[in-house]
Each structure stands twice: as structure tokens, then as C-alpha cells.
Amino acid sequence: MSAARRGKRRATLPPRAWSVLAASVGLIALSGAAVSATVLNAGGSEGVVTHRETATPEEVLEFWTPERIKQAKPAEMPVQPVECVGRQWFVHPHCW
């Protein structure tokens, strides 16, 4: 026996509602993709740089003499503004 014969009706949406639903889902997906692309590219050309060390541990120990260690200067680290930390970054365009 079908659902209609048993007195149960299936909930259906009119065609216009399906169009609105599809457009809404599409816009949400598109805006999410745009935000994630913006956040991922926020570093620009100053992104993370990596390299592999090919020297052996013995060569490294030989290079870093006590004199060189005393003269060594720490590398500059990027500083993130306070307003760009945590969930607040989203409301500040310069954090993107």
C-alpha cells in the first residue's frame, strides 16, 4: 500500500523553494571558499620558508663554537597584531 493510500503525505517543496534553497547553499559555499582563500593567501610572498639541513650533527657542533654562539643574533619573528588573534581576526579586514 502506498503512503498516499495510508493517509500519509510526503512533504514536498514547490519548485521556487528548491531554487531559493539551491541558490542559498551555493552562495554560502562560495563565500566560505572566498574567505578560506583569503585567509590562506594572507601571508602573500612572505609565507613560511623551509629548508632541509644537510650537515651532520658533528659538522653542526664543529661550526657552532662558543665564540659564534655569543655573537649569534636571533632571527626576526613576525609579530601578529593583538586584534588578529583568536576569533577577532574576522572583523578586522587588515588581518585577512
Discussion item. Just checking, does the range 59-78 include any residue being loosely packed, with under 10 Cβ neighbours inside 10 Å, touching a helix residue (DSSP H, G or I) at 6+ places or on another chain (Cβ under 9 Å) and part of a loop (DSSP other than H, G, I, E, B)?
Written reply: yes
Worksheet item: Would you say ARG9 is basic (Lys, Arg) and at pLDDT below 85?
Response: yes
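The values are calculated or read from the model by the stated rules, or taken from the named source; none is laboratory data. Values in this document were obtained by computation on a predicted structure and should not be read as measured data. Here Cβ is always computed from backbone atoms with ideal geometry, including for glycine, and neighbour counts include all displayed protein chains.
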